[in-house]
Amino acid sequence: MRINKYIAQAGIASRRKADELIANGNVKINGAVMKEPGYDVQDGDKVEVNGKLLSGLKKMEYVLINKPLGMVTTVDDDKDRLTVMECVKDIDARLFPVGRLDYNTSGALIMTNDGDLAYRITHPKHEVYKTYRARVAGVLSNEKVAKLRKGVDIGGFVTSRAKVNVIKGNAHSTIVEISIHEGKNRQVRKMFAAVGNPVQELERIAIGEIRLGHLKEGHYRKLTREEVEYLRNC
Ligand code: URA
């Protein structure tokens, strides 16, 4: 197996990052620095990255969690807040969250130990649409919906085309679904703030075609083989 793939499958980095590690001389094979990106790892080779010996191929795990409010999407937190690792404590693999959701946002989050797949889903060029259901303050006029669809300035950045669907509303608040493929910090909140309807509640209900469905808050389910294939190809 090609060295960058081997490193990626050991969960150390994406293939692209692995290429950088190789070029920078951070990778050793059988004790000697190896800078050849096309090196084919043989049975019995000892592969070290930054001095750490990799222990061969590991099982890839892919899960979807329903992140509750009040958890951070990191592996650990310097302020001792609850992290999404709580939701996958019974899985015997070093999973990490793919992308992020705000502390005050709930919903669909993929966790895996596959660095390559994580890189794919989060890279803007792959344009995986993420769909959110928001409750926003006030009435969302057709004009504002049109603005959100076309793109709004969220402070030095104009968002690209979004899908926006008003579900229901009254004079006080509106329930709306919005799909975007960019991942700027607090983007959905900033988009609604930009048209004067601040978000009151936010839940991510789908990542591409992978839907949260009836998954309970704080619970996870394993992705199906078809879902993993879909993410690899989107
Ligand atoms: N946009 C937001 O504002 N918050 C999230 O958590 C995700 C998208």
Selection within the range 37-82 - in contact with a Leu (Cβ under 9 Å, 6 or more places away or on another chain), at pLDDT 90 or above, assigned to a loop (DSSP other than H, G, I, E, B) and over 20 Å from Ile22 (Cβ atoms) | Glu61, Pro68, Gly70, Met71, Thr73, Val75
Please go through the range 1-36 and pick out each residue that is at pLDDT below 90 and assigned to a loop (DSSP other than H, G, I, E, B).
-> Met1, Ala10, Gly11, Ile12, Ala13, Ser14
Checked the range 1-21 for anything surrounded by fewer than 21 Cβ atoms within 10 Å (Cβ to Cβ) and not small (Gly, Ala, Ser); matches are Met1, Arg2, Lys5, Ile12, Arg15, Arg16, Lys17, Asp19, Glu20, Leu21
Condition test on Ala134, is it outside the structural domain of Gly107 (by TED's automatic domain parsing), at pLDDT below 95 and hydrophobic (A, V, I, L, M, F, W, C)?
-> no
Test for Glu203: is it assigned to a strand (DSSP E or B) and charged (D, E, K, R) = yes
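Here is a yes/no grid of residues against (1) more than 23 Å from Arg120 (Cα to Cα); (2) within 13 Å of the ligand (Cβ to nearest atom):
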position	(1), (2)
Tyr62	no, no
Ile65	no, no
Thr73	no, yes
Lys79	yes, no
Looking only at residues in the range 99-115 that are part of a loop (DSSP other than H, G, I, E, B) and modelled with pLDDT of 95 or more, which one is least open to solvent (accessible area, probe 1.4 Å)?
-> Leu101
Here is a list of conditions, (1) among the basic types (Lys, Arg); (2) in a loop (DSSP other than H, G, I, E, B); (3) more than 13 Å from the ligand (Cβ to nearest atom), and Arg221 meets all of them except one; can you say which number that is?
-> (2)
Could you list, in sequence order, the residues of the range 185-209 that are open to solvent by 20 Å² or more (accessible area, probe 1.4 Å), near the ligand (Cβ under 8 Å from one of its atoms) and either in contact (Cβ under 8 Å) with a residue 60 or more places away in the chain or touching a Phe, Trp or Tyr at 6+ places or on another chain (Cβ under 8 Å) (or both)?
-> Arg186, Arg189, Val199
Test each condition in (1) open to solvent by less than 70 Å² (accessible area, probe 1.4 Å); (2) part of a loop (DSSP other than H, G, I, E, B); (3) farther than 19 Å from Pro68 by Cα for Ser179 and report the one that comes out false.
-> (2)
When (1) modelled with pLDDT of 90 or more; (2) more than 24 Å from Arg120 (Cβ to Cβ); (3) in the same structural domain as Arg225 (by TED's automatic domain parsing) are applied to Asp92, the one that fails is (1)
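Quick one: would you say Val176 is over 12 Å from the mean Cα position of the chain (by Cα), of a type in the set (A, V, I, L, M) and within 14 Å of the ligand (Cβ to nearest atom)?
Numbers: over 12 Å from the mean Cα position of the chain (by Cα): yes; of a type in the set (A, V, I, L, M): yes; within 14 Å of the ligand (Cβ to nearest atom): yes.
So Val176 passes the test.
The values are calculated or read from the model by the stated rules, or taken from the named source; none is laboratory data. Worth saying up front: this structure is predicted, and the values here are computed from it rather than measured. When we count neighbours, we look across all protein chains shown, and the Cβ atoms used for this are built from the backbone with ideal geometry, even at glycine. For the accessible areas, the whole protein counts, side chains as well, though only heavy atoms, and no ligand, DNA or RNA atoms are used. Shrake-Rupley method; radii C 1.70, N 1.55, O 1.52, S 1.80 Å.
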